Amino acid sequence: MKKKGYEGFTAFKHHLKDEQQTTINFANVEKIDGEIKRSILKNEQEMIRTLNMIHTGVIEDAIQKIKSSERILIFARGFSELIAEEMKIKFQLTDKYCELHTDPNIIKTMSKHLKKTDSVIFVSLNGETEELVDAAKNCYQKEIGTIAITTNKDSPLSHLCELVLVGFKSEISFFPDYEVRSRLPLSVIARILLDSYVIRMKQGENR
């Protein structure tokens, strides 16, 4: 056991138990209806591929930008607003000043009156929402620090933002008649960014 890196047999048993809980039980999945199984595997694919796409260097740069900013403003539209709202609350819980704006007119107006001590986080699945792109252009012209959380690295928003955190978007949609694709990749990225920010802040306090 020690040659394999475990303290003993008990530690090995705990490892096996943890491993069972963090991998899909395909014996159970096989019993499920085919379409539901497809949905489960779709979510697994989005999660794993998003995690594999995350660059730790970009996360570190984003943390430093957030840390050095006096204000964090989050701009989001549609279903991405739910993720942005969670981000806002978590920033506020760490005593970081943070505002969330979802109204298109307010987003456009606010982006014209930012200071260089501000940073903006854009949360957008496709990175093509007109008012978010317009706001990103304003930030770019005013040299405001920007971070994009998206699934489209080739979008207008991604090209305008200083730092881009990209997740994987599945082409499978169970609501094909509506633009309600999964925001799971955005949620994963947002959670990792917030958790990493808190870790770095605590490390700074302990030094």
Please tell me which of these pairs span more than 29 angstrom C-alpha to C-alpha: Lys67/Lys112; Lys116/Lys202; Lys37/Lys169; Lys88/Lys142; Lys153/Lys202? Lys153/Lys202
FRET E, pair Lys112, Val198, Förster distance 30 Å, beta-carbon r, rounded to 0.05: 0.45
Derived scalar couplings ³J(HN,Hα) [the range 183-190; Karplus, 6.51 cos²θ - 1.76 cosθ + 1.60; whole Hz; x for Gly, Pro]: 9, 3, x, 5, 5, 4, 4, 4
Provide the packing ranking of 157-166, 80-89, 119-128, 48-57, i.e. peptides ordered by the mean count of other C-beta atoms within 10 Å per residue, highest first. 119-128, 157-166, 80-89, 48-57
Over all directions, how big on average is the projection of the convex hull of the alpha-carbon atoms in the range 55-206, in square nanometres? 8.6 nm²
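Since every read-out is calculated from the coordinates, none of them should be taken as a lab result. Note that the structure is a prediction, hence the values are computed from the model and not measured. Cβ: placed from backbone, ideal geometry, glycine included. Neighbour counts: every protein chain shown.
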